[in-house]
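Just so you know, all these numbers are worked out from the coordinates, no wet-lab data involved. Computed from a prediction, not measured in an experiment: that's the story for all the values here. Virtual Cβ from ideal backbone geometry, glycine too; neighbours counted across all protein chains shown.
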Amino acid sequence: MRAEAPLGSTSTGNSGRPKIEKDVWFLLFVVGTAFMASRYDFQLSTLALPQFQQAFGYDDQTSVLIGTLAKSGAIPAVMLTLMADRIGRKPLFLMAILGFSASALLTALAQNPVMLASGLFLTRLFTMVDELLAVVLLAEAAPPQARAWMLGLLALLGASGDGVALVAYGTFADQPDAWRWMYAAGAVPALLSIIWRLALPESAAFVAASRAKQADPFALIRAHRQPVILIGIAYFLFWLPISPALSYNSQYLQSVAKWAPSQVALVSFAAGLIGLAGTFLGGRLADRFGRKPVALIATLICVIGLSGVYLNSSQFGLVGASLSMGYMAWFAASVALRATMTELIPTKARATVAGTSEIGASSGAIVGGSLVAFLIPILGGLGYALIAIMPLVVLALIAIAFLPETKGRVLVEGEQVDDSKA
């Protein structure tokens, strides 16, 4: 009797490229649609910062602090994600879908800055759980020769959620309280949770690990603590300058450069479409040349591109070109770093590592946002504060250089993670 192929099993065709099975493509569709919904909510939370500010009457510094508080929702998300290595990926993934749908409604109904900040905080908490588990589910199913490319496709689906948010924002942001119903639309995924519950399989790698009674995930992390610590530091330093630059370009262009919401949405949408090439390019290059060189080069290009937005805000074309370059490099760097993160240690602890890595990423975003808020009154404006923290990317490049190279690792039970490849 022929044995059934496990999820993610592949064969190699005459062209030498791995054949990706239908069940992996279906898994990409299922987790990708949820990822798309979570990215819609997150993108809207950054685009609508000026509208939040107008609705509740606070200044730029308070706006940055509220945005930073919202990002801190990713830290408790880590604690929830750790449960996925014990109870499974599927139940937690579905719970988070319901959670961010309810949080979107809370944000839409906000009556004061405290209620707004609470809604944004909870939305980030649950969207982060979904984003982390989507990456883990797909990484465990995809073949090693195409894993970074598949993660790039997941990023593409997520970016389509960003695109929907940009189109809706550019079309309706000028209308009074339009941000409320745009946020309420984020509750729609709750209606799809029944379909996802039936269609989404549990990770075959997690099931195999559970049956094999593999070592406790925390014991595995302790055994591989050096690479885990390194990826956490790399994520912290990567997001320290980049997160504020990505998060506050809408607020800067509207409140400082006096752009209209439709102009911000147009340039962001066009730059995002061009930048999506980074998901394909970054994934393919990372599968061919390695995760580390792609992450290094893309991170440097990303900071250069994003800096251009704040140095040339009066010139529409230059802002578009700079933002396109920044987005493309950001997508490429994110794909390479995500591939590295999922390949560091065996399956039983993979969601735990995703969570602990997010501690570094979220902490970097929080510290970066706090630095910007601190520097605004000292340097005389949001743009100056954002530019001032960009040189910190040098620290991120050093941290990435010390990461082990994980290209080609096979994510199956019984695997031995060999850091001698680094």
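For the pair segment 37-90 and segment 280-323, the centres of their Cα atoms are 24 angstrom apart.
3J(HN,Hα) along segment 67-76: x, 5, 4, 4, 5, 5, x, 5, 5, x Hz, from the Karplus curve 6.51 cos²θ - 1.76 cosθ + 1.60 with θ = phi - 60°, whole Hz, x for Gly and Pro. Projected onto planes of every orientation and averaged, the convex hull of the alpha-carbon atoms in segment 141-184 covers 3.8 nm². Here the spin labels are modelled as points 7 Å beyond Cα on the Cα-Cβ line, and at residue 26 and residue 109 they lie 3.7 nm apart. Here the Karplus relation 6.51 cos²θ - 1.76 cosθ + 1.60, evaluated at θ = phi - 60°, turns the backbone of segment 301-309 into coupling constants of 5, 4, 5, 4, x, 5, 4, x, 4 Hz, with x for every Gly and Pro. Ranked by the mean number of other Cβ atoms within 10 Å of their residues, highest first, the peptides 306-314, 122-130 come out as 122-130, 306-314. Taking the Cα centre of segment 27-123 as reference, the dipole from Cβ charges on Lys and Arg (+1) and Asp and Glu (-1) amounts to some 400 debye. A simple spin-label model places the labels of residue 379 and residue 226 3.7 nm from each other, with each point 7 Å out along Cα-to-Cβ. The H on the amide N of residue 19, modeled in the peptide plane, is under 5 Å from the matching H of 11, 12, 13, each at least 5 residues off or on a different chain. In order along segment 147-158, the phi-based Karplus estimate (6.51 cos²θ - 1.76 cosθ + 1.60, θ = phi - 60°) of 3J(HN,Hα) comes to 5, 5, 5, 5, 5, x, 5, 4, 4, 5, 5, x Hz; Gly and Pro are listed as x. Near residue 73: Cβ cut-off under 14 Å, other residues only, Lys/Arg at +1 and Asp/Glu at -1. The net charge is -2. Computed over the Cα atoms of segment 261-300, the ratio of the radius of gyration to the Kirkwood radius (Rg/Rh) comes to 1.17.
List every residue whose amide H lies under 5 Å from the amide H of residue 407, counting only residues 5 or more places away in sequence or on a different chain, with H placed 1.01 Å from N in the peptide plane. It is 291, by chain and number.
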